[in-house]
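Written below as structure tokens is the structure these notes are about.
The values are calculated or read from the model by the stated rules, or taken from the named source; none is laboratory data. In this text the structure is predicted, and so the values were computed from the model without any measurement. Counting neighbours? That spans all protein chains shown, and the Cβs are built from the backbone with ideal geometry, glycine included.
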Number of protein chains: 2
Amino acid sequence: MTKERSYFEYLALKEKGRLSPEHVPEVYHFDRTMSLIGMRYLEPPHIILRKGLIAGIEYPLLAEHMADFMAKTLFFTSLLFRTTSEHKRDVAEYCGNVEMCRLTEQVVFSDPYKVSQYNHWTSPYLDRDAEALREDNLLKLEVAELKSKFCERAQALIHADLHTSSMMVTRESTQVIDPEFAFYGPMGYDIGAFLGNLILAYFSQDGHADQANDRKAYKEWVLKTIEDTWNLFHHKFTALWDEHRNGAGEAYLPAIYNNPEVQLHVQKKYMTDLFHDSLGFGTAKMIRRIVGVAHVEDFESIEDVAKRADCERRALDFAKKILKERRKFEGIAEIVSAIRQYDS
Amino acid sequence: MTKERSYFEYLALKEKGRLSPEHVPEVYHFDRTMSLIGMRYLEPPHIILRKGLIAGIEYPLLAEHMADFMAKTLFFTSLLFRTTSEHKRDVAEYCGNVEMCRLTEQVVFSDPYKVSQYNHWTSPYLDRDAEALREDNLLKLEVAELKSKFCERAQALIHADLHTSSMMVTRESTQVIDPEFAFYGPMGYDIGAFLGNLILAYFSQDGHADQANDRKAYKEWVLKTIEDTWNLFHHKFTALWDEHRNGAGEAYLPAIYNNPEVQLHVQKKYMTDLFHDSLGFGTAKMIRRIVGVAHVEDFESIEDVAKRADCERRALDFAKKILKERRKFEGIAEIVSAIRQYDS
């Protein structure tokens with residue numbers, strides 16, 4: 001991979017840290033020649049969130065923290081807050097991070113849907129499932145739409161790799177790291193990444209259950225965290241919007257969107273579209289973690305291969321269903337219900 | 001306006017000239033310091049197309065030529081043909097043309113829907129119509145969506161000002177000029193600009209009718225040109241797509257979109273979305289020419305003010321209707337029928 005990515009990682013750490021200082025480690029120094037970033041050491045007991053999810057640890061503030069991080073970093077870099085001049089200047093700069101975008105396009109939107117030497121899955125259990133993906137025309141049509149949006153839509157400065165290994169946590173602290181994929185893309189890609197990886201964590205829990213802990217209570221906590229994350233994000237994002245409604249943001253000028261009725265309609269439409277984008281990107285990211293090049297430890301650490309495949313298949317079937325029918329869902333509670341259905 | 005726009009005009013003339021040499025005048029020299037472009041002199045009898053439409057002159061090759069120009073310049077600068085690396089490099093460069101984008105955002109997507117010192121219309125006839133625009137919540141909701149797409153979606157290198165004064169024509173020749181607004185934006189903005197301005201020309205014809213020429217036959221030619229332009233564009237664009245299906249374009253990799261059924265679905269969806277975008281942008285551009293800062297000579301040259309207002313109102317009512325309901329229309333023939341309805 002390109003050395004230049006450390007420059008964009010630095011840029012994004014600085015910008016996201018400015019917007020959400022509680023949830024981004026401080027950067028002390030950057031040396032472009034050496035590709036060296038000096039930043040805060042995230043001291044123990046901070047661990048990678050994914051490790052905590054596998055261990056069955058509850059993080060009571062996780063939903064609140066991630067909703068806050070996403071609401072602030074996405075809102076303040078979008079045209080809801082920014083002028084066109086600021087937007088185009090930053091879009092142009094992050095176009096330089098093209099190699100990282102290309103990598104995402106390949107591993108998320110392309111490889112899982114074609115024969116690729118990089119793909120692997122829990123074989124032979126999922127052989128037929130992987131094949132079915134490549135033959136699912138409707139799914140491929142929807143994936144193409146998501147890929148176009150990823151490539152073309154400069155909606156906000158996204159982290160672009162916001163899975164559960166991109167944050168270090170304690171019960172009190174949530175720190176987002178590793179934004180080396182950052183660029184101006186669709187907001188739903190970040191929200192979807194986080195939610196999708198929580199859903200993977202959910203479907204993996206049966207593989208980690210044992211006599212001491214059946215993981216049933218933990219699964220309920222994961223579902224609650226999924227639901228809270230979206231609901232809190234929705235609340236915080238629209239609150240920022242309301243607060244800055246009369247600011248310089250180019251998208252909805254106050255002189256035009258000047259009555260409560262139109263404001264309500266505009267916001268509802270925006271948030272519904274964002275919800276559907278998040279579901280689309282989130283499920284695409286789930287799929288690629290089961291049949292693509294890079295898997296997740298949530299499943300990989302399940303030693304009983306048949307059991308692992310069973311967990312993965314439920315996650316995969318859920319993801320395919322939601323990706324194709326995402327526009328039918330109106331709220332996160334319906335998604336939680338769908339997760340439960342695929343888990344039974 | 002910024003002097004820098006001549007640099008982007010030059011860049012776009014070169015690129016569009018490379019892709020569609022028959023319909024773009026050749027550039028001989030550019031001096032960035034002097035903002036000086038030396039290019040082919042479009043000799044008489046070339047005239048600005050709008051002047052020809054007002055004079056009632058038929059251009060039998062216009063639809064063919066414009067369809068060809070749009071198909072080539074849009075297809076070859078999109079991800080249907082380009083790699084992500086080429087795309088992001090060029091998107092970044094044209095982000096520099098931000099002042100021209102800002103101007104468009106203001107005059108097309110903002111001013112007509114709010115009280116602005118720049119707005120004017122045929123008063124007092126259209127006073128109530130102008131006011132109604134500012135109170136039409138549904139219309140403003142749809143305009144916001146179009147504006148977001150204009151600001152955020154880098155689909156192809158668009159001319160971004162492709163109205164009927166941006167081309168010089170004879171019966172045999174069509175030459176597209178003045179791409180100083182060019183940037184990476186939604187394709188439908190170009191297609192809509194051309195179609196929308198033809199529709200304005202259509203609705204203005206009654207104002208130019210006299211005893212010698214009732215313009216009835218000419219109106220039929222304008223409608224035929226509208227219909228032919230879209231149909232020929234559709235044909236040429238999809239033919240380019242089919243021809244380059246196995247090329248380097250990032251959007252639909254041949255290894256994934258590898259059977260006739262999925263190819264058909266993908267293309268149908270893409271072209272339908274593009275049609276709806278074109279209708280949306282085209283009607284937004286019609287509206288701004290009737291109540292915004294810059295009007296069109298098609299209407300302005302109608303000396304009988306009451307008659308002019310009558311022509312303008314029909315165009316405005318048509319535009320509002322289509323902008324709001326554009327997703328219901330499946331083909332250009334339905335649009336031609338709708339134009340006839342609003343003309344009776």
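Across the range B:109-140, which residue is nearest to A:Glu261 (Cα to Cα) among those that are buried (at least 18 other Cβ atoms within 10 Å of the Cβ), under 24 Å from the mean Cα position of the chain (by Cα) and among the hydrophobic types (A, V, I, L, M, F, W, C)? That would be B:Leu139.
Being in contact (Cβ under 8 Å) with a residue 60 or more places away in the chain, farther than 21 Å from B:Gln155 by Cβ and either among the basic types (Lys, Arg) or within 14 Å of another protein chain (Cβ to nearest Cβ) (or both) is the filter here, so list the residues in the range B:261-287 that pass it. B:Ile287, the sole residue that qualifies.
The set of residues in the range A:302-318 that are of a type outside the set (D, E, K, R) and surrounded by 15 or more Cβ atoms within 10 Å (Cβ to Cβ) comprises A:Ile302, A:Ala309, A:Cys311, A:Ala315, A:Leu316, A:Phe318.
Looking at the range B:273-299 only, could you name the residues that are in a helix (DSSP H, G or I) and touching a Ser or Thr at 6+ places or on another chain (Cβ under 9 Å)? Hits for the range B:273-299 are B:Ile290, B:Glu297, B:Asp298, B:Phe299.
If you filter the range B:93-108 down to residues that are touching a strand residue (DSSP E or B) at 6+ places or on another chain (Cβ under 9 Å) and among the aliphatic types (A, V, I, L, M), you find that the one that is farthest from the other protein chains (Cβ to nearest Cβ) is B:Met100. Regarding B:Ile48, is this residue at pLDDT 95 or above, over 30 Å from B:His244 (Cα atoms) and touching a helix residue (DSSP H, G or I) at 6+ places or on another chain (Cβ under 7 Å)? It is false that B:Ile48 is at pLDDT 95 or above, over 30 Å from B:His244 (Cα atoms) and touching a helix residue (DSSP H, G or I) at 6+ places or on another chain (Cβ under 7 Å). If you go through the range B:319-341 and keep only what is within 19 Å of B:Glu220 (Cβ to Cβ), in contact with a Phe, Trp or Tyr (Cβ under 9 Å, 6 or more places away or on another chain) and surrounded by fewer than 18 Cβ atoms within 10 Å (Cβ to Cβ), you end up with B:Gly331, B:Ala338, B:Gln341.
The number of residues in the range A:67-101 that are surrounded by fewer than 20 Cβ atoms within 10 Å (Cβ to Cβ), within 20 Å of the chain's Cα centre (by Cα) and more than 25 Å from A:Lys3 (Cα to Cα) comes to 1. What about B:Leu232, is it modelled with pLDDT of 95 or more, surrounded by fewer than 22 Cβ atoms within 10 Å (Cβ to Cβ) and touching an Asp or Glu at 6+ places or on another chain (Cβ under 7 Å)? The answer is yes for B:Leu232.
Here A:Asp310 qualifies as among the charged types (D, E, K, R), more than 29 Å from A:His65 (Cα to Cα) and assigned to a helix (DSSP H, G or I). Would the range B:150-162 turn up any residue that is in contact with a Leu (Cβ under 9 Å, 6 or more places away or on another chain), away from chain A (no Cβ under 14 Å) and surrounded by 21 or more Cβ atoms within 10 Å (Cβ to Cβ)? The answer is no; no qualifying residue exists. Within the range B:1-43, the only residue that satisfies the criterion of being touching a residue at least 24 places away in the same chain (Cβ under 8 Å), surrounded by fewer than 16 Cβ atoms within 10 Å (Cβ to Cβ) and within 20 Å of the chain's Cα centre (by Cα) is B:Glu22. For the range A:60-85, the set of residues classified as within 14 Å of chain B (Cβ to nearest Cβ) and outside any helix (DSSP H, G or I) consists of A:Thr77, A:Ser78, A:Leu79, A:Leu80, A:Phe81, A:Arg82, A:Thr83, listed by residue number. Of the numbered criteria (1) assigned to a loop (DSSP other than H, G, I, E, B); (2) under 17 Å from A:Ile335 (Cβ atoms), the one A:Ser165 fails is (2).
Annotation: of all residues in the range B:246-260 being free of Cβ contacts under 8 Å to residues at least 24 places away in the same chain and more than 7 Å from chain A (Cβ to nearest Cβ), the one that is surrounded by the most Cβ atoms within 10 Å (Cβ to Cβ) is B:Asn258. Checking each residue in the range A:170-228 for being among the polar types (S, T, N, Q) and assigned to a helix (DSSP H, G or I) picks out A:Asn197, A:Ser204, A:Gln205, A:Thr225.
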